[in-house]
Amino acid sequence: MLKYKILIIGILLWIFTPSQAQIGVSDSLIMNVRAKFSHQDFNSVFELLNPVSENIKTNSEPFILRGKAYLYAGQAGKAILDFELAEKIKENSASYELAQTYASVGNAEYACKALKKYLKTPHKKFQSDIKTDKYFEKISNSKPWLELWKADYYSKTELQLNDAKFEISKNNDAQAFSILDNIIAKNEKSTDALFMRAKLHAKNNDLKNALRDLDKTLKNKPFDTDYLLLHAQILFQTQKYQKALVDYDILIKKNKTDASFFKQKALIENELNDFENAMSDILTYLKFYPWDSEGLYIAGLINLKAEYYLDALKYFNESIEIDNSKSVYYEARGDAYFAVKTFENAENSFSMALDLVPAGEIFFKKGLARLAQNNIEGACSDWEKSLNLGYFRADDYLKKYGSEK
């Protein structure tokens, strides 16, 4: 029964209009534009937005996305027009992009005018990031640029955060921790410092303290996308799936034009054996990102765990067709072939996985596939390799079948 529900969900998502799939038409359009932009398919961005841009009056995001596409495509004039439209809709939504674009054509005066406006906003990039931005190279020795940086735009705390970021980039983690600890000691509600320290804890695999800092940041800013996303990712790593799911639900509701969150949410639902919702969410994601091999792989994993092995094989084959460099794709396909008792194909898939990553568990699985074909000598050879790589389950099989070689 579940298989037919999943099939119906898939048909509804792919055939019905976006509003019928419970995604607003404008949200669906921008989701599509975001996806095409991330894939650097700028022509599709133009094709999607150009016919409807005159009807967009209250949302700056489409103009920012199209403006960036024009900028990356080398059409600075059109990019400037879009960023100015975005600025009219929402002030300071595109002031940095305007500065980049003017700078890219060597217009230092207008670039610095836009950048000065941006530098007065509360959530700006670090000074070091701006000064090393490739778009400002052309004007970095100009009079307007040099004059711009004579003024102070950053607080003492912001400059200290910049120092901490620099130390992290040099892998001087102890020094970075010292700087961040001092900031937080003076202001325990400094969410920027807490967030940077949380990322640093995560980098050092101290997930407990990372979550502790993130909990404090979310107490002050409960709906910040960056904070929620890292919080959700660490909850997933620590197998706190229900709590991670809550975060992703908030992220999806808050970011209605970003389909990327559905991919990780589907993985979590798969861990919770909620195959129906997992398949619904991964199909929503794949509607916008059909070229993503990892998304197809996740769809395969969901079907594999739900014991729809032929569907799983279809997705694994599609993922491998797009990207044949991932060992886990071949391993998962081998698992699906093994489940349907196509042992020779399973053995071949495990061999392909091993060509990329010689892992003990995969040698063990390959041995099982060989055993199923009565190739005991080959199976034992694989289990010996598995054991040598530290996969100790192989030892029991070697003791049982080793004498039969």
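Worth a mention:
- Of all the listed residues (Leu272, Leu313, Leu301), the sole one being surrounded by fewer than 18 Cβ atoms within 10 Å (Cβ to Cβ), out of contact with any Asp or Glu (no Cβ under 8 Å at 6 or more places or on another chain), farther than 25 Å from Ser28 by Cα and hydrophobic (A, V, I, L, M, F, W, C) is Leu272.
- Just one of the listed residues (Glu84, Glu54) is out of contact with any Lys or Arg (no Cβ under 7 Å at 6 or more places or on another chain), modelled with pLDDT under 95 and not β-branched (Val, Ile, Thr), and it is Glu54.
- The stretch 149-189: number of residues that are closer than 18 Å to Asn204 by Cβ and assigned to a helix (DSSP H, G or I): 16
- The stretch 136-148: number of residues that are outside any helix (DSSP H, G or I) and surrounded by 13 or more Cβ atoms within 10 Å (Cβ to Cβ): 2
- Residue, nearest to the chain's Cα centre (by Cα), within the stretch 176-210, restricted to residues that are surrounded by 15 or more Cβ atoms within 10 Å (Cβ to Cβ) and more than 27 Å from Thr121 (Cα to Cα): Ala202
- Residues of the stretch 255-278 satisfying the condition of being farther than 23 Å from His39 by Cα and either touching a strand residue (DSSP E or B) at 6+ places or on another chain (Cβ under 6 Å) or not in a loop (DSSP other than H, G, I, E, B) (or both): Ile268, Glu269, Asn270, Glu271, Phe275, Glu276, Asn277, Ala278
- Residue in the stretch 40-49 that is touching a Lys or Arg at 6+ places or on another chain (Cβ under 6 Å), aliphatic (A, V, I, L, M) and farther than 27 Å from Lys113 by Cα present: yes
- Of the helices (runs of 4 or more DSSP H) lying entirely inside the stretch 332-405, those carrying at least 1 residues that are of a type outside the set (Ser, Thr, Tyr) and touching a Leu at 6+ places or on another chain (Cβ under 7 Å) are 360-372, 376-388, 393-401.
- Failed item, numbered, when Asp382 is tested on (1) within 35 Å of the chain's Cα centre (by Cα); (2) surrounded by 23 or more Cβ atoms within 10 Å (Cβ to Cβ); (3) not hydrophobic (A, V, I, L, M, F, W, C): (1)
- Filtering the stretch 279-291 to residues that are in contact (Cβ under 8 Å) with a residue 60 or more places away in the chain and assigned to a helix (DSSP H, G or I) leaves Met279, Ser280, Leu283, Thr284, Lys287, Phe288.
- Near pairs, Cβ below 6 angstrom, 6+ apart or cross-chain, from the stretch 227-251 (closer than 12 Å to Ala202 by Cα) to any residue that is part of a helix (DSSP H, G or I): His231/Leu214; His231/Asp247; Ile234/Leu207; Ile234/Ala210; Ile234/Leu211; Leu235/Lys243; Leu235/Ala244; Thr238/Leu207
- Unique match (being within 19 Å of Pro290 (Cα to Cα), without any contact (Cβ under 8 Å) to a residue 24 or more places away in the chain, touching a helix residue (DSSP H, G or I) at 6+ places or on another chain (Cβ under 8 Å) and not charged (D, E, K, R)) among Asn324, Asn345, Asn317: Asn317
- Leading residue by the ranking (nearest to the chain's Cα centre (by Cα)) among those in the stretch 45-77 that are surrounded by fewer than 16 Cβ atoms within 10 Å (Cβ to Cβ) and assigned to a helix (DSSP H, G or I): Tyr72
- Residue within the stretch 222-238 that is surrounded by 21 or more Cβ atoms within 10 Å (Cβ to Cβ) and polar (S, T, N, Q) present: no
- Considering the stretch 200-235, the residues that are of a type in the set (Asp, Glu) and outside any helix (DSSP H, G or I) include one that is farthest from Ser190 (Cα to Cα), namely Asp206.
- Lys170 free of Cβ contacts under 8 Å to residues at least 24 places away in the same chain and within 21 Å of Asn92 (Cβ to Cβ): no
The values are calculated or read from the model by the stated rules, or taken from the named source; none is laboratory data. Owing to the predicted nature of the structure, the values given are computational and were not obtained by experimental measurement. Positions of Cβ are backbone-derived with ideal geometry, glycine not excepted, and every protein chain shown enters the neighbour counts.
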